[in-house]
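Here's the structure we're looking at; comments come further down.
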Amino acid sequence: MIQLYVGLIAEGTSDYLFLQPIIEKTLLTIAYECKGQVDIDVKKIECDKGSGFTDYVLNAAKTVKENFITMLIVHADADAGTAEHTYSYKINSAKVLLEQQNERDFCKNLIAIVPIQETESWMLADKNLFIEAVGTKKNESELNINGHPETFNNPKERIENAIRIGRCNMPKKLKNSLKITDLYSYLGQAMKVENLLSFKSYQDFNQNVRRELVKLNLLPENK
């Protein structure tokens, strides 16, 4: 059995709560296609964020190497309708500087995860699961979450409004008892990654993982 340790850095605490279980399930799914049995362990990386995104990535890559972790997953929201700008000015810029570092001191197996707009768009991948979590009988249209989540300009705000609309007829104490912060971990744990397959940003992440596993000779190239 091959033990594969994977590091993760994300923009915020709530991102870790949702993304880490999604990442684990994605890696485990791909692991079935690998050469031999692969055991996955995803770890949150604690390091100095420095003065900007590139510093954060380099510091994380150094920490990962020091702790014998094989790959580093880097999260950055697109904050836009496409991920192009984030890849060009954040991910790829960090990769260029990382390639200039000594391989003995830095992990260079970097995997980007860039949700369109915000991580919260992925939280709406399974609308039925979300509605059940809100505890309402209202439908997608009534909650204003109909349509593909990657087309939402502000998915976090959509979720917050959907919670408010969905629980507006409940007694006051119950109505205000659920916040978006309560949903990150639950939805990340409960959601099946198959629900994300229609998301371009998730498809990109999936391919990024596969590319690095091929480089590590753990996954056949045709996979």
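In table form, for the structure just shown:
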{"item": "Members of LYS44/LYS95; LYS49/LYS215; LYS49/LYS95 lying beyond 22 Å, as alpha-carbon distances in this model show", "result": "LYS49/LYS215"}
{"item": "Neighbourhood charge, 12 Å Cβ-Cβ cut-off, centred on LYS49 and excluding it, Lys, Arg +1 and Asp, Glu -1", "result": "-4"}
{"item": "Net charge of Cβ neighbours under 11 Å - reference TYR184; Lys, Arg +1; Asp, Glu -1", "result": "-1"}
{"item": "Descending principal axes extents, segment 120-183, alpha-carbon based, whole Å", "result": "33, 21, 17"}
{"item": "Sparse-neighbourhood loop sites, GluC sites (Glu not before Pro) in segment 183-223 - DSSP loop, at most 15 other Cβ within 10 angstrom", "result": "GLU221"}
{"item": "Full-extension gain in nm, ASN67 to ASP39, via 0.36 nm per residue minus C-alpha separation", "result": "8.4 nm"}
{"item": "Cα-based shape type of the chain, given that a ≥ b ≥ c are square roots of the gyration tensor eigenvalues and the cut on a/c is 1.5", "result": "prolate"}
{"item": "Lysine pair number, Cα distance threshold 22 Å (strictly under), segment 120-183, separation 8 or more or different chains", "result": "17"}
{"item": "Net charge of neighbours whose Cβ lies under 15 Å from the Cβ of ALA162, counting Lys and Arg as +1 and Asp and Glu as -1", "result": "0"}
{"item": "Globularity ratio of segment 107-223, using Cα Rg and 2.2 N^0.38 Å", "result": "1.27"}
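Each reported figure results from applying straightforward, stated rules to the coordinates on display, with no laboratory input. Everything numeric in this text was worked out from a predicted model, so none of it was measured. Here Cβ is always computed from backbone atoms with ideal geometry, including for glycine, and neighbour counts include all displayed protein chains.
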